[in-house]
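The values are calculated or read from the model by the stated rules, or taken from the named source; none is laboratory data. Remember, predicted model here, so these are calculated numbers, not experimental data. Methodologically, a virtual Cβ is constructed for each residue, glycine included, from the backbone with ideal geometry; neighbour enumeration extends over all protein chains shown.
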Amino acid sequence: MKKLLLNIIMQLMFGSCMYSQFQRVETFQRVSVPDSIANKLEEAYNSNAKNVNAGSNIFNLLNRKCFVFKDGIYSFQGQGPHFPKRIFIYNNGSIFIFENAGAFNPKGVIQEFAMCIERIGLTDKQIVEYSKAISNYLEQEDGNTYGAEIKEY
């Protein structure tokens, strides 16, 4: 009887471990972009620094669980916590990389979005969706200094 009870407990424990493995969500999974896009992002980010790996740190702002590169709005940043997030929009083979970072110049981000609408031909639906994503991005970036301000205590 003890063996049977021990066997049942072991099977339940193994089953719950396997179930939890299947439920795990990869929080650091990034969007994989073509090398040509990654190189453009790296060049845009590397105006002051070299090889910050910005072309590999890409997240879909409309759906964080979508890792397939397609038309949409994305964030990207250099490797490490001191590199500010920037955004870009990819639409019908055209890319618009925002020069301003939301943490430092939210007004500039909005102005660039207005230019982007015409430059890469966004639809009304895309304008509404991307406006919401940019608003969320700016809210998350509000108050971030990325080490630009070091406070003494």
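Odds and ends about this structure:
- Scanning segment 98-142 for residues that are acidic (Asp, Glu) and within 12 Å of residue 87 (Cβ to Cβ) returns 99, 112, 141.
- Only one of 108, 102 that is surrounded by 13 or more Cβ atoms within 10 Å (Cβ to Cβ) and within 16 Å of the chain's Cα centre (by Cα): 102
- Scan segment 95-118 for residues that are within 16 Å of residue 72 (Cβ to Cβ) and of a type outside the set (Val, Ile, Thr) and the total you get is 4.
- Enumeration of residues in segment 77-92 that are within 16 Å of residue 53 (Cα to Cα), at pLDDT 95 or above and of a type in the set (Phe, Trp, Tyr): 88
- Selected residue [under 21 Å from residue 116 (Cα atoms), surrounded by fewer than 14 Cβ atoms within 10 Å (Cβ to Cβ) and basic (Lys, Arg)] from 40, 70: 70
- Selection status of residue 51, at positive phi and without any contact (Cβ under 8 Å) to a residue 12 or more places away in the chain: yes
- Residue that is within 19 Å of the chain's Cα centre (by Cα) and either surrounded by 16 or more Cβ atoms within 10 Å (Cβ to Cβ) or at pLDDT below 95 (or both), where the choices are 95, 117: 95
- Comparison of 46, 60 shows that the only residue that is among the polar types (S, T, N, Q) and buried (at least 18 other Cβ atoms within 10 Å of the Cβ) is 60.
- A single member of 103, 49 is modelled with pLDDT of 85 or more, of a type in the set (A, V, I, L, M) and under 26 Å from residue 147 (Cα atoms), and it is 103.
- Test: residue 25 is at pLDDT below 95 and in contact with a helix residue (DSSP H, G or I) (Cβ under 7 Å, 6 or more places away or on another chain): no
- Neighbours by Cβ (under 7 Å, 6+ apart or cross-chain): first from segment 83-99, within 12 Å of residue 60 (Cα to Cα); second surrounded by fewer than 16 Cβ atoms within 10 Å (Cβ to Cβ): 90/71
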